[in-house]
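If you scroll down you'll find the structure; I have some questions about it.
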Amino acid sequence: MAKAWGGRFQHETDPRVERFTESISVDRRLAPYDIRGSQAHARMLATVGLISDDERDSIVAALDEIGREIERGEFQFRTELEDIHMHIESALIERIGDAGRKLHTGRSRNDQVATDLKLFVREAIDRIDGLLADLQRAFVERADRDREMILPGYTHLQRAQPVLAAHYWLAYCEKFDRDRGRLSDCRRRANVSPLGAAALAGTSLPIDRAYTAELLGFDQTAANSLDVSSDRDFLVEFAFCLSLIAVHLSGWAEEWILWFSTEFGFLRLPDAYTTGSSIMPQKRNPDVLELIRGKTARAIAAVGQLLVLLKGLPLAYNRDLQEDKPPLFDAYDTVVSCLELAPAIVAGAELVEERIAQRLDEGFLDATALMEYLIQRGVPMRSAHEIVGRLVADCESKGCRLADLSLDELQAACDRIGEDVKDVLGTSNAVRVLTSYGSGGSGPVAEQLERWREKLS
Ligand code: ARG
């Protein structure tokens, strides 16, 4: 088959080279974006008089038809045609002849592929944003459902201070909200049109780049053809956004894997989201959570792969850039697959309240509340810390809780302690006294919940 670029060549391409250089196996996925970009380009060419209105109409209609064929899986892809751009152009020429031969006027595959990728990323960002909103809603619903429940809060995975379960759920809302913010920032920078930058230098033809930008919903037209025809910063940014989402999911998954263990016993997972063992009949494994944790590797790797790909590339387009698609698509598909499952797991899991409540007395979760009680009675913070530390050691040797100490014992440690100390001892008191902005007590948590409900409604 004759190559679109075959004019100056005398001999055929080695078939191994065709297989080595093809990208159609990967970039066929860009077909809908390529078609949209080409239709906008044809409309612009007609407006500036580079093609006739009839030619525009037949190009637009034939592209629609080709698009439908690809969608239905009826389109024949062939390695010799290299990439999606060549496939669509050659199918167009096959169908409408000379009008099709005019489509590539004033553009190159370099600005074309950059345009396709930007349209793809824009849609991908919107999809991920919607999935993140669904996940946030799942967390907010849990916060509502587990409103009264208290959880041990950890640092270093050691029991630290108690918080309301709702506070815990809403912590994840915050993380995923920052992810949404990062995506919208990434979208703003990605939404700049490369189309018409042509190969690298622009063109002598009277094209109207602002018009194609507008038709394709770009906010701006890129101001430097040399830069934009080879810029892939937006892919690195997007991959980073994806990898941080994956890292947030992974931390959550790890936490729940621990909570699901016999050692913790904090969590029940629905059968639908666990799997069994082929040899140990009693097993129920949190495989889905483990894979959410494991698949994070792909998203993180994509950032590295893209950065290494770009490192050391001179301006402008280099064929290396064709290697941008596998990590991009893989990271995106991976994160989508995790986000599609996560809300159902969040909604379907049960915190095992009896077991959690039963063990809230362990680990001196009220020690900080007692220390702050002393501070409020004028004891310097460092001294209060020391006094409570000694009381904890005392309890540990007796095998009791702070709340089990008698008033005499407490007053022997510090004479500022009064009867009212009982109002801060015990886990539920230790939560009740948390009142600072953003803290895990009931007042501030109710405020958070209200804010999230409003934001996500
Ligand atoms: N398949 C190529 C890619 O994905 C399209 C651009 C090819 N441009 C070129 N000058 N060979 O990067």
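The values are calculated or read from the model by the stated rules, or taken from the named source; none is laboratory data. Keep in mind that what you see is a predicted model, and the values were worked out from it rather than measured. Neighbour counts are summed over all protein chains in view; Cβ atoms, including those assigned to glycine, are modelled from backbone coordinates with ideal geometry. Heads up: the accessible areas ignore ligands, DNA and RNA and are worked out on the full protein's heavy atoms, side chains in. Shrake-Rupley method; radii C 1.70, N 1.55, O 1.52, S 1.80 Å.
Determine the per residue accessible area of the chain with all protein chains present and a 1.4 angstrom probe, expressed in square angstrom.
Per residue, the chain has 48 Å² of solvent-accessible surface.
So, one more: Nearest 5 is fine: what % of DSSP beta bridges in the chain come out antiparallel, could you say?
The answer is about 80 percent antiparallel.
Can you put Ser229, Ser428 in order of accessible area, largest first, using a 1.4 Å probe?
Ser428, Ser229
Over the heavy atoms of Glu214, what accessible area does a 1.4 Å probe trace out, to the nearest 10 Å²?
Probe radius 1.4 Å; accessible area of Glu214 about 140 Å².
While we're here: Compute the Rg/Rh shape ratio of the range 156-214: radius of gyration over Kirkwood radius, all on alpha-carbon atoms.
Checking Rg against Rh, the ratio lands at 1.45.
Considering only protein heavy atoms and a 1.4 Å probe, what is the carbon-and-sulfur percentage of the accessible area of the chain?
The C+S portion of the solvent-accessible surface of the chain is 50 percent.
What are the ³J(HN,Hα) couplings of the range 88-101, residue after residue, when phi is run through the Karplus curve with 6.51, -1.76, 1.60 and θ = phi - 60°? Round to Hz, x for glycine and proline.
Values, residue by residue: 5, 5, 6, 5, 5, 5, 4, 7, 10, x, 4, 4, x, 5 Hz.
If you take the square roots of the eigenvalues of the alpha-carbon gyration tensor of the range 184-251 and sort them as a ≥ b ≥ c, do you get rounded (a/c under 1.5), prolate (a/b over b/c) or oblate?
Because a/c hits 1.5 or more and a/b exceeds b/c, the range 184-251 counts as prolate.
Please quote Rg/Rh for the range 281-335 to two decimal places, taking the Kirkwood radius as Rh and restricting both calculations to Cα atoms.
1.25
Only Cα pairs under 8 Å and at least 6 apart count here; give the relative contact order of the range 1-130 as a rounded whole percent.
With pairs under 8 Å counted, the relative contact order is 34 percent.
Amide H of Thr221 versus every other amide H placed in the peptide plane: which residues, excluding those fewer than 5 positions away on the same chain, fall under 5 Å?
Distant-sequence amide H within range of Thr221: Ser193.
Something else now. Quick check of the Kirkwood formula: for the range 324-457, what is the inverse mean of 1/r over all pairs of different Cα atoms, in Å?
Hydrodynamic radius (Kirkwood, Cα only) of the range 324-457 equals 18.4 Å.
Can you pull the accessible area of Lys455 for me, 1.4 Å probe, Å² to the nearest 10?
Lys455 exposes around 120 Å² with every protein chain in place.
Apply the Karplus curve 6.51 cos²θ - 1.76 cosθ + 1.60, θ = phi - 60°, to the phi angles in the range 377-394 and return the couplings in whole Hz, x for Gly and Pro.
Calculated HN-Hα couplings, in order: 9, x, 7, x, 3, 4, 5, 4, 4, 4, 4, 5, x, 5, 4, 5, 4, 4 Hz.
Quick query: amide H of Ile150 versus all other amide H atoms, modeled in the peptide plane; which residues come in under 5 Å with a sequence gap of 5 or more or a different chain?
Amide H neighbours of Ile150, under 5 Å, 5+ apart: Ala165.
Quick one: which residues, 5+ away or cross-chain, put their amide H under 5 Å from the amide H of Lys3? H built at 1.01 Å from N.
The list, which skips near neighbours in sequence, is empty: none.
I'd like the FRET efficiency for Thr155 and Asp420, computed as 1/(1 + (r/R0)^6) with the beta carbon distance as r and R0 of 30 Å, rounded to 0.05.
According to the calculation, E is roughly 0.60.
Have a look at the range 383-424 and give its Rg and Dmax from the Cα atoms, expressed in angstrom.
When restricted to Cα atoms, the range 383-424 yields Rg and Dmax of 9.7, 25 Å.
From the square roots a ≥ b ≥ c of the eigenvalues of the alpha-carbon gyration tensor of the range 1-135, which class results: rounded (a/c under 1.5), prolate (a/b over b/c), or oblate?
Oblate is the answer for the range 1-135, as a/c is 1.5 or above yet b/c matches or exceeds a/b.
Based on the Cβ-Cβ distance from Asp177 to Glu254, what FRET efficiency comes out when R0 is 25 Å, to the nearest 0.05?
Step by step, r from the Cβ atoms, then E = 0.75.
Give me the number: length gained by fully extending Leu205 to Arg145, i.e. 0.36 nm times residue separation minus the C-alpha to C-alpha distance, one decimal in nm.
15.3 nm
Starting from the Cα gyration tensor of the range 75-118, take the square roots of the eigenvalues, sort them a ≥ b ≥ c, and report rounded, prolate or oblate (rounded when a/c is under 1.5, otherwise prolate if a/b is larger than b/c, else oblate).
The shape class here is oblate.
Here is a further query. For the range 196-340, restrict the atom set to alpha-carbon positions and state the Rg and Dmax in Å.
22.1, 73
So, one more: What percent do you get for the relative contact order of the range 177-321 when only Cα pairs under 8 Å and 6+ apart count?
25
Rg to Rh for the range 301-400: what is it, with Cα atoms only and Rh by Kirkwood?
1.39
Moving on to the next point. Give me the Kirkwood hydrodynamic radius of the chain, using the inverse of the mean 1/r over all pairs of distinct Cα atoms, in Å to one decimal.
About 26.4 Å, per the Kirkwood formula over Cα pairs.
Okay, next question. Can you give the relative contact order of the chain as a percent, counting alpha carbon pairs under 8 Å and 6+ residues apart?
In percent, rounded to a whole number, it is 16.
Mind grabbing the base-10 log of I(q)/I(0) for the range 217-301 at q = 0.16 Å⁻¹? Debye formula, identical points on the C-alpha positions, no solvent, two decimal places.
-0.73
Also: In square nanometres, what is the average projected area of the Cα convex hull of the range 77-167?
The Cα convex hull of the range 77-167, projected and averaged over all directions, gives 11.6 nm².
Now for a separate question. How much accessible surface area, in Å² rounded to 10, belongs to the heavy atoms of Val163 with a 1.4 Å probe?
Taking all protein chains as shown, Val163 has close to 30 Å².
Still on this model: In whole Hz, what ³J(HN,Hα) sequence does the range 402-415 give by Karplus (6.51, -1.76, 1.60; θ = phi - 60°), x for Gly and Pro?
Working through the residues one at a time gives 4, 5, 7, 6, 7, 4, 4, 4, 5, 5, 5, 7, 7, 6 Hz.
With just the Cα atoms defining each centre, how far is the range 10-36 from the range 165-237? Give it in Å.
Cα centres, the range 10-36 to the range 165-237: 25 Å.
Would you report the distance distribution of C-alpha pairs in the range 125-194 as whole percents per 10 angstrom bin, up to the bin with the largest distance?
The distribution over the range 125-194 is 19, 35, 26, 14, 5, 1, given as percents.
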